[in-house]
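*Asks:* Sharing a structure below in structure tokens format, with a few things to ask.
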Amino acid sequence: MKSYSKEEARRMLCRYHNLDGAEDLRGKDGAAEIMARIHSIQYDPLCVVARNADLVLQARVRSYTEEVLSGLLYADHTLVDGYDKEMCIYEARDFGRFSFVREEHEKQVVATLRYRNQLDALEILDDVKDFVTKHGRTGTKDITIGEAREGRWGHRKLSSAALDYLFSTGVLTVADKKGTQKYFDLTERVLGPECLSCGPGMTDVDGMTIEAFCEWYVERRIQSVGLLWNKRGGAWQGHFVSDSEIRSSALQALEEQGRIEKIQVEGIKEPFYLSKSLYDCMNQPSAGSYARFIAPLDNIMWDRDMLEALFGFEYRWEVYMPAAKRRYGYYVLPVLYNGNFVARFEPEPVRKAGELVIKNWWWEKGVTPDDEMRGQIMTELERFAEFLHVEAVCPKL
């Protein structure tokens, strides 16, 4: 079993995600290349500086704008909204294989409807589907079928609940989005036939075995991060992969097939599994000095315990904590410098302030910033403000 130091493992991860900027990935093509590598990014509608998915991509891709992701999702339809780890954005070519996930997720959706006292939404599914078939892209404001009623929480209209159910089961797909308003259409009218099958070597959806799917899904999740250990955590969240027995069986099969490799990181007892695609990135020239601001739900942040073990960086997303219990702030971005987390900062809400204002800045314990570090961080602040289309108002670091 190969052994790497923590520094080497950190460098490998940052190189794999192009956080070091060694690859000159730009704009739409760069975003598509990164998505082909990591497959999935977590969607969250919260927008303090920008939405999570956009923050993930701008850290890896030069000249990135929010319009790039919107175009890949709702013009090219090479990416799609769907349930993966949680609600995510993933490659449309994987849609067919996700039929197993949708079948499991459907059970949760039905349970939610039951809790909300909205099971009657299941009685109008055909009517809602017929409406979308006739009218095309449909938002919740465009359709009212079934009795409006008060539930415990959630949609007030049964037709809105039915739209969400049909989306969750794959009958409908988000064809467009204006702000947070989703517009649905029939999946077969949005995605090509190649996206509705299971892909090479797996025939069609009906012919894919659960074992083949689980192996593919576990390997894909490793690729989303770069390397993972076999411990319960946020990176293994979701159907199938969160089951330790299913996951361990798939990991063993993948290792025997040579599709993944088990490695050891010095100072960490638990072995890691890495994607062979990680090695492909190691051929790139070494990156120079760099700084990046990392999204709270970035792929490398998914497993907070693994993050702390590898980087020595403790991070908790405090958005949903009462203000009095927060250690840092409401929405805090980690600062990565040359493979190490050196600081974190809390920005003011950008759209409200009209500029990038750093409300609080915290250097990590033991970090003594020099001119080089400060310079790289200031350069990244300028790049970040350009992405946000605002001026940066920064404290003296």
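*Asks:* Taking only protein heavy atoms and a 1.4 Å probe, what accessible area per residue, in Å², does segment 333-372 have with all protein chains in place? Walk me through the numbers on the way to the answer.
*Replies:* On the way: 2040 Å² over 40 residues.
That works out to 51 Å² per residue.
*Asks:* Which value in nm describes the separation of the simple spin-label points at TYR320 and TRP361, placed 7 Å from the Cα toward the beta carbon?
*Replies:* In this crude label model, TYR320 to TRP361 measures out at 3.2 nm.
*Asks:* Anything over 31 Å Cα to Cα? Flag those among LYS325/LYS352; LYS129/LYS352; LYS107/LYS178; LYS157/LYS177; LYS157/LYS231; LYS6/LYS28, in the order listed. Walk me through the intermediate numbers first.
*Replies:* On the way: LYS325/LYS352 25 Å; LYS129/LYS352 39 Å; LYS107/LYS178 29 Å; LYS157/LYS177 20 Å; LYS157/LYS231 41 Å; LYS6/LYS28 33 Å.
Correct reply: LYS129/LYS352; LYS157/LYS231; LYS6/LYS28.
*Asks:* With N denoting the number of residues in segment 41-193, provide Rg(C-alpha) divided by 2.2 N^0.38 Å, to two decimal places. The partial results should precede the final answer.
*Replies:* Values: Rg = 15.8 Å, N = 153, 2.2 N^0.38 = 14.9 Å.
Relative to the rule-of-thumb radius for its length, segment 41-193 sits at 1.06.
*Asks:* Testing the spin-label approximation: label points 7 Å from Cα along Cα→Cβ at LYS134 and LEU46. State their distance in nm.
*Replies:* A separation of 4.2 nm, rounded to one decimal place.
*Asks:* Roughly to the nearest percent, how much of the accessible area of the chain is carbon and sulfur, given a 1.4 Å probe? Intermediate values should be presented prior to the final figure.
*Replies:* Numbers: 8440 of 18020 Å².
Heavy-atom surface of the chain belonging to carbon and sulfur, 1.4 Å probe: 47 percent.
*Asks:* Would you work out the charge dipole size for segment 1-129 about its Cα centre, treating the Cβ of every Lys and Arg as +1 and the Cβ of every Asp and Glu as -1, and quote it to the nearest 20 debye? Write out the running numbers ahead of the final one.
*Replies:* On the way: 19 positive and 24 negative charges, 128 e Å.
Using only the charged Cβ atoms, the result is roughly 620 debye.
*Asks:* Assign unit charges at the C-beta atoms only (+1 for Lys and Arg, -1 for Asp and Glu), then state the dipole size of the chain relative to its Cα centre in Debye, rounded to the nearest 20. It would help to have the intermediate numbers written out before the result.
*Replies:* Numbers: 53 positive and 63 negative charges, 219 e Å.
The calculation lands at about 1060 debye.
*Asks:* Same structure again: Compute the length gained on full extension between ALA75 and ASP24: take 0.36 nm times their separation in residues and subtract their Cα-Cα distance, giving the result in nm to one decimal.
*Replies:* Details: separation 51, 0.36 × 51 = 18.36 nm, distance 2.43 nm.
Between ALA75 and ASP24, full extension yields 15.9 nm more.
*Asks:* Could you give the dipole magnitude of segment 349-397 about its Cα centre, charging the beta-carbon of Lys and Arg +1 and that of Asp and Glu -1, in debye to the nearest 20?
*Replies:* Details: 7 positive and 9 negative charges, 71 e Å.
So the magnitude is around 340 debye.
*Asks:* Under a 1.4 Å probe, what is the accessible area of segment 22-107 per residue, stated in Å²?
*Replies:* With the other protein chains kept in place, segment 22-107 gives 32 Å² per residue.
*Asks:* Place the peptides 41-53, 172-184 in order of packing, highest mean first, counting for every residue the other Cβ atoms within 10 Å and averaging per peptide. Let's see the in-between values first.
*Replies:* Working: 41-53: 19.0, 172-184: 17.1.
The packing order, highest mean first, is 41-53, 172-184.
*Asks:* Would you mind calculating the gained length between THR209 and GLU123 on full extension (0.36 nm times residue separation, minus the Cα-Cα distance), in nm to one decimal?
*Replies:* The span from THR209 to GLU123 would gain 27.8 nm if fully extended.
*Asks:* Right, here's the next one. State the extension gain, in nm to one decimal, for the chain segment bounded by ASP370 and ASN283, taking 0.36 nm per residue of separation less the distance between their alpha-carbons. Let's see the in-between values first.
*Replies:* Working: separation 87, 0.36 × 87 = 31.32 nm, distance 3.00 nm.
Once the chain is fully extended between ASP370 and ASN283, it gains 28.3 nm.
*Asks:* Say R0 is 41 Å: what FRET efficiency, to the nearest 0.05, do GLU194 and LYS6 get from their beta-carbon distance?
*Replies:* Working: r = 41 Å, r/R0 = 1.01.
After rounding, the FRET efficiency stands at 0.50.
The values are calculated or read from the model by the stated rules, or taken from the named source; none is laboratory data. Source: prediction; values computed, not measured. Methodologically, a virtual Cβ is constructed for each residue, glycine included, from the backbone with ideal geometry; neighbour enumeration extends over all protein chains shown. We work out accessible area using only protein heavy atoms, side chains counted, and drop any ligands, DNA or RNA first. Shrake-Rupley method; radii C 1.70, N 1.55, O 1.52, S 1.80 Å.
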